[in-house]
1. For segment A:170-184, how many residues meet the condition of being touching a helix residue (DSSP H, G or I) at 6+ places or on another chain (Cβ under 8 Å), more than 30 Å from residue A:239 (Cα to Cα) and either surrounded by fewer than 20 Cβ atoms within 10 Å (Cβ to Cβ) or touching a residue at least 24 places away in the same chain (Cβ under 8 Å) (or both)?
2. If a residue counts only when it is buried (at least 16 other Cβ atoms within 10 Å of the Cβ) and either modelled with pLDDT under 90 or out of contact with any Leu (no Cβ under 9 Å at 6 or more places or on another chain) (or both), which helices (runs of 4 or more DSSP H) contained entirely in segment A:39-133 have at least 2 such residues?
3. Answer yes or no as to whether residue B:291 is of a type in the set (A, V, I, L, M) and within 14 Å of chain A (Cβ to nearest Cβ).
4. Being touching a residue at least 40 places away in the same chain (Cβ under 8 Å) and in contact with a Gly (Cβ under 9 Å, 6 or more places away or on another chain), is that true of even one residue in segment B:422-430?
5. Condition check: crowded, with 21+ Cβ neighbours inside 10 Å and more than 21 Å from residue A:209 (Cβ to Cβ). Does residue B:182 satisfy that?
6. Scan segment B:50-72 and give yes if some residue there is assigned to a loop (DSSP other than H, G, I, E, B), more than 20 Å from residue B:211 (Cα to Cα) and modelled with pLDDT of 95 or more, otherwise no.
7. Is there a residue being surrounded by fewer than 17 Cβ atoms within 10 Å (Cβ to Cβ) and assigned by TED's automatic domain parsing to the domain that holds residue B:337 anywhere in segment B:275-291?
8. Suppose we keep only residues that are farther than 18 Å from residue A:259 by Cβ and out of contact with any helix residue (DSSP H, G or I) (no Cβ under 7 Å at 6 or more places or on another chain) within segment A:185-209. Which one would you say is nearest to the other protein chains (Cβ to nearest Cβ)?
Amino acid sequence: MREPSFEKIDYTLRPNKNVQRKLVVEMLSRVGRSPRFKLANYRYVGLGSIWFADFILMHRHLGITDLDSIEREATRERRMEFNRPFSCVTVWIGPTSDVIPTLDWNKPTVVWLDYDDPLRKYMFDDFEAVLRRLHSGDVLIATVNANVDQIRDVKEEEVPLDPDTALRQVCGDENVPIDVAPDLNPKRFPFVVGKIFANALVTTTARSHTDLQFVPLLNITYKDTTRMVTCGGMVVDDSDRGELKASGVEDLEYFAGRGQFEISVPHLTHKERLEFNKLLPCAAPPDPSKLPFELKPKEIESYWKFYLQYPVYQELQH
Amino acid sequence: MPEEQATTETAQGNPSKGFFIAMLTRDISLSDCILDLLDNCVDGINRKVRTNGAMTDTNNKYSGFWVTVKFDPNTFSISDNCGGISLDAAKNYAFRFGKPEDVIQDPGQPIGLYGIGMKRAMFKMGKAIKVVSSTGEDSFELDLVVDDWRKQPEADWTFKLSNVRRNATDVEVGTTISITELHPSVGREFGTPGFSISSTRAIKRDYAFILQHGLIVKVNDKAVHGTMPTFRESGEVAPLRVRRSEGEVEVEITGGLSASPPEDDSPEHRFPEAESYGWYVVCNDRVVVTADRTNVTGWGVGSVPAWHPQFYGFLGVAHFRSSKPQLLPWRTTKRDVDPSNELYKKALVIMCEAAKTFTDYTNRRKTELKKARGLESAAPVKPISAVGFSNVMKLPAVARTTMRRISYEKPATEVEAVARALRLRSVSAKEVGIRTFDYFVEREVEK
C-alpha cells in the first residue's frame, strides 16, 4: 500500500536522520566518559555539504575544535566556504579518494563518511585509505543508501546482472556473505548492508595493522524518504579494547553487538507532538488507543524512546 | 719427508628443521592449506570405499561422509569420518615429508597420498598440533609441540605416537587435526570475515564436483554448497563438449561462453566474477587447476593469444577420469598439471582450438555488438552437467568487418555537455564518441 502523501515529508525535514545524528553523538559522548578517550582533543572529518549539521553537533556537544569537511562538488566551493558554521571548520574540495591522503592523520580522529549514494566501490577504497591511516582510539563511521532497488535491474553494459552478482561486483567477493540471495529484498537488505560494511571494516583493519582490531559500535537503519544504514566503530589495540569496554558504550541500547537497530520515528505535526509528549515519560510505549490519532506500534515505540531527541522545526521570523 | 696423502673428509649436508619448515610453508595460502586438508579427507574416502569393495552409486559415492572445519583467532581444527589413518601408514609414511623413496607404490593409491599437504598446513598454521585418528582397527594420537620437535637431535625427524591401539579400538573412525598457538598473522586472518567468506567460496568452486556427490563439508558450522561451472546454451550459443578416451583414462572437454564478454576492458573496470573465468582442469572430481589463464592451459601458445580481459566470459573444463589415478595428468601436489602427460597433450590440442574459436569471436562480435549481446544473454544458463555434447562451439553469427579502435581524451566538462546535448541518459564516454562519430559520418562523409 502506498504511503499517503501527507506522510511524505519535505526532504529537508528528516526527523529520522536527525535522531540518528544525535545518537551517534551520544555514543561518542559515552565513549568519551573513559579518561583515555578525550573527545575534545579529537579532530572530526566529515562530508558536511552546505548544511554542516553533524559538524555543529560535534563542536557544540563534544567540544571538538578541529573539523575538516570534504566536498566533491568543485562548483560548490564558495557556497561551502560561506556556510562554514565556525572558524574551526576547514573545507576541502575534491573526491574523498583525493583528499584523504592529504589530511594530517597524526591526531585522534573521528571520521564520518555520510555518503548520499547507494553502495559504490569507491566507498570500500575509502575505507582502506582511512583505516590504513588510523591509530588506536580513532573512530570510523559510514552511512549509505540501503534501498534494495540499487541492486535490482542492474545492467553491466546492457546485460542484466543477478542481484547477488551485482552486489559482489560493487562490494567485493570477500565482503558479501555466502548465500545472501534470499535476503535481497526490501526488509532484509539493510541487514545485509550492515553485515557487508562490518565485514569490510573488520577485515580491512586486521589486514592493515598487526596490532589493531575494529570494534563495531554502530549498526543503525532509518528511513525518511530513503532507507539508509549507518555503520561504525573504533579501531583499538588490546589496551584500548579494555578502555572502550570500560566506558560503558556496550550498555547502549543501539550498541552494534546487539544487532541492527532501527530508528523509525513518525513524522508528527506540532500539535500531535505536544499531545504525545503529555504521556511521556512512561515505563512502556503507550497503547495506540491512548492517542487521538493513528500511529503504527513501531512508530509509537520509536517516539517513546527518542522524544527528547526528536527535532523541533520552527520557521524563523527573519 | 713423505708427501701428505690426499684424503677424503665429510661435510655436513643435513637439513635443519627450521629451514625446512620455512621453505615448506612459504608460498601456500591459508585457503589452499584448507583445500589440501580436504583433499586428504577425500583420499581417505576413496581408500575406505576401495577396501570395502563396495561399488557405490557413482552419483552419491561420497554420501555418508563429512568434514567439519572450524577456525577462530586461537584455534584451527578439521574433523572427518573419512576412514582414518592406519597405524602402518602413520608409522611409515604419513608423517614423512614427501613420498619416501622406498615405499612401494600401491597402484590403488592416488599419487601424492600423504605428500606434503598435511604437514605443510600444520606447520603453516601453528606451533601446537594434535592429531587423533582411528580406522576402527587401529588408532593413535600425535601431540606435537613444534619448538620441542625442532630441538630434537638433528638427525632425528621422528614424531611420537601415543595412545596407540592395535586390532581393536573404541575410538570413532576418522581423523581430527587441531592446531593451537597459531602464528599471530594466521590467527588474525582466521578472525576476519573476509577470510571466512573467501575460503568458503574457494571450497564452493574447487570442490563443486566433489560436493555434488554427497560429501558434506561444514565451515564454522555452516554447510557449504558447491557452485558448478555454468555455460550458456541455446540454438545460437552452445559450448563445445567432447569426450575422448585413451587406455584407462577418459577426458571430457567442455568449453564456451559462460557470460557475455566485456566491452570495457580497461584496467579500472572490474568484470563481475572475473577471477572465475579460464580453464579448469579436473582429475577424478578434484579441481587441479582453477580458472587458469597461463600457457599451462594453452594461453599464449601457438596461435592462441595470451589471456586478455577481453576474454572474460570464457569458461572451459577439462575433466580427466580414471580408476588408475597415477595415469591422470596431475603432479604430486595435486595442485599442478603435469604437462608431459600424453593424454593431456592431446586434450590441450582440443582446448587450444576451443580457446581460439572463442577469442576470434570476441574480436568479430564488435561489428554487431548489440545483436551479439542480445543472443548471448538470451541463451539460458545451464550447469555443466546439463550441457549437450557437441563437436563444435556455437556462437552468434556476425558480419565480418575490419574494425578500428578510436581512443582519445577530452575535458570531462565538455564530454558531459555533449552527452547532455545528445540527450544520453547517463554520461558514457564511449557512447559520446560513437554518436559524435556517427553524426559526422552521416552528414559529411559520402557513402
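The values are calculated or read from the model by the stated rules, or taken from the named source; none is laboratory data. Treat the numbers as computed from the prediction; the structure is a model and nothing was measured. Cβ: placed from backbone, ideal geometry, glycine included. Neighbour counts: every protein chain shown.
1. Kept after step one, since they are touching a helix residue (DSSP H, G or I) at 6+ places or on another chain (Cβ under 8 Å), are these residues of segment A:170-184: A:170-178, A:180-181, A:183-184.
After this cut, where a residue has to be more than 30 Å from residue A:239 (Cα to Cα) as well, the list is A:170-173, A:176-178, A:180-181, A:183-184.
Narrowing further to those that are either surrounded by fewer than 20 Cβ atoms within 10 Å (Cβ to Cβ) or touching a residue at least 24 places away in the same chain (Cβ under 8 Å) (or both): A:170-173, A:177-178, A:180-181, A:183-184.
Here the count works out to 10.
2. Values: elements: A:53-62, A:77-82, A:96-99, A:121-133.
Correct list: A:53-62, A:121-133.
3. Numbers: of a type in the set (A, V, I, L, M): yes; within 14 Å of chain A (Cβ to nearest Cβ): yes.
It is true that residue B:291 is of a type in the set (A, V, I, L, M) and within 14 Å of chain A (Cβ to nearest Cβ).
4. Of segment B:422-430, the ones touching a residue at least 40 places away in the same chain (Cβ under 8 Å) are B:430.
Then keep just the ones that are in contact with a Gly (Cβ under 9 Å, 6 or more places away or on another chain); that gives none.
The answer is no; no qualifying residue exists.
5. Numbers: crowded, with 21+ Cβ neighbours inside 10 Å: yes; more than 21 Å from residue A:209 (Cβ to Cβ): no.
No, not satisfied.
6. yes
7. First, pick out the residues of segment B:275-291 that are surrounded by fewer than 17 Cβ atoms within 10 Å (Cβ to Cβ): B:275.
Those left that are additionally assigned by TED's automatic domain parsing to the domain that holds residue B:337: B:275.
Looking through segment B:275-291, at least one residue is surrounded by fewer than 17 Cβ atoms within 10 Å (Cβ to Cβ) and assigned by TED's automatic domain parsing to the domain that holds residue B:337.
8. A:207
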